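The values are calculated or read from the model by the stated rules, or taken from the named source; none is laboratory data. Because the structure is predicted, anything quoted here is derived from the model rather than measured. Here Cβ is always computed from backbone atoms with ideal geometry, including for glycine, and neighbour counts include all displayed protein chains.
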Amino acid sequence: MEDFLRSLPKAELHLHLEGSISPDTILELEPSVTREEVLARYRYDTFPGFLDAYKWVNHFLRTPADYALVTRRLLHALAGQGVLYAEINLSIGVLLWRNQPFHPIFDAIEAAAAEGPIPVRFIFDAVRQFGLEPASKVARLAAQCRHRGVIGFGIGGDETRGPAEIFHDIFAFARDAGLHILPHAGEADGPKSIWAALEGGAARIGHGIRAIDDPLLVQHLRDHQIPLDISISSNICTGVVDRLENHPVRRLFDAGVPITLNTDDPPMFHTTLLDEYQLAHTHFGFSREELRQLARNSLNFALDYRPAA
């Protein structure tokens with residue numbers, strides 16, 4: 001099965017660069033931290049607990065060289081799993097909040113990606129609970145970098161403290177600039193969060209698992225072929241789904257909702273993309289043909305994937 005999954009042509013569409021840092025890389029970036037501390041930080045069972053850990057991890061990315069290092073390591077890890085293309089979220093909202101220099105850091109990420117083994121596009125992610133003006137700054141930077149592989153603008157963080165509807169004007173600005181809207185929604189909040197993201201023009205929904213609570217929303221996603229970028233292990237680790245057997249991935253797929261499988265923050269959720277496909281097979285009964293369909297979805301719903309001639 002592992003060889004079969006590795007051989008599937010596939011993309012990774014929901015993945016955060018800053019959340020891709022392995023414990024070994026943290027120890028390399030900050031030798032004063034112990035492995036035990038890192039492993040303890042990588043354990044949580046609530047969404048706020050994960051957000052605290054994510055903020056902690058970001059503090060070890062200090063220089064453009066640090067960002068280039070984690071970019072190179074991430075892309076080589078993806079290529080080793082048979083990934084042909086990736087769309088990577090960059091936490092620009094966090095970077096600005098930390099008063100880091102945007103241009104040298106993005107230059108370093110872009111250069112490292114250009115030398116990588118697979119093509120990459122970027123989504124600039126704002127922190128919804130920081131409010132409108134910080135999100136607007138992220139959107140403006142995304143628009144300025146549209147010609148440099150930035151294809152989307154998204155919002156992440158605490159849905160309940162930053163509902164999607166308050167960002168509709170910013171979404172409109174980003175769309176007018178030629179960007180796709182790729183928000184997180186329906187992860188820790190209910191179907192109304194997904195509806196609000198769709199009303200703002202979302203091209204895909206990050207997570208979206210709470211759609212299962214609203215039959216009309218499920219029908220809408222199916223009829224309009226709006227994909228959900230699902231990350232099973234993430235949802236269990238953050239506690240937004242209480243047990244693996246209760247995850248709605250199988251029910252959403254069977255209802256005809258287009259879904260893709262992704263890792264979100266792979267080492268922070270103790271997973272890989274191959275592990276996510278294996279989970280779909282082992283725990284949710286996805287057949288080989290259904291796994292092929294999930295892989296095809298990831299390429300079909302990618303926003304700038306260009307198959308080799």
In region 286-296, is there at least one residue being within 14 Å of the chain's Cα centre (by Cα), of a type outside the set (Lys, Arg) and more than 30 Å from Ala40 (Cα to Cα)?
no
From the option list Glu37, Glu12, Glu18, single residue qualifying as closer than 17 Å to Asp275 by Cβ and among the acidic types (Asp, Glu) is Glu12
Output for Cβ contacts, cut-off 8 Å, separation at least six or different chains, first residue at positive phi in region 1-26, second of a type in the set (A, V, I, L, M, F, W, C) and assigned to a helix (DSSP H, G or I), reads none
All-but-one check, Val70 against (1) surrounded by 22 or more Cβ atoms within 10 Å (Cβ to Cβ); (2) under 22 Å from Ile155 (Cβ atoms), failing number (2)
Of those in region 148-199 that are in contact with a Gly (Cβ under 6 Å, 6 or more places away or on another chain) and not hydrophobic (A, V, I, L, M, F, W, C), the residue surrounded by the most Cβ atoms within 10 Å (Cβ to Cβ) is Pro183
Hey, does region 1-24 have a residue that's in contact with a Ser or Thr (Cβ under 8 Å, 6 or more places away or on another chain), hydrophobic (A, V, I, L, M, F, W, C), closer than 24 Å to Ile105 by Cβ and assigned to a helix (DSSP H, G or I)?
no
For region 139-162, pairs from a residue that is on the phi > 0 side of the Ramachandran plot to a residue that is modelled with pLDDT of 95 or more and in a strand (DSSP E or B), with Cβ under 6 Å and 6 or more apart or across chains, are Gly149/Arg121; Gly149/Phe122; Gly157/Val127
Exercise for review: For Asp45, state whether it is touching a Cys at 6+ places or on another chain (Cβ under 8 Å) and either charged (D, E, K, R) or within 21 Å of Leu141 (Cβ to Cβ) (or both).
Suggested key: yes
| query | Going by the conditions given, is Ile166 assigned to a helix (DSSP H, G or I) and in contact with a Ser or Thr (Cβ under 9 Å, 6 or more places away or on another chain)? | reply | no
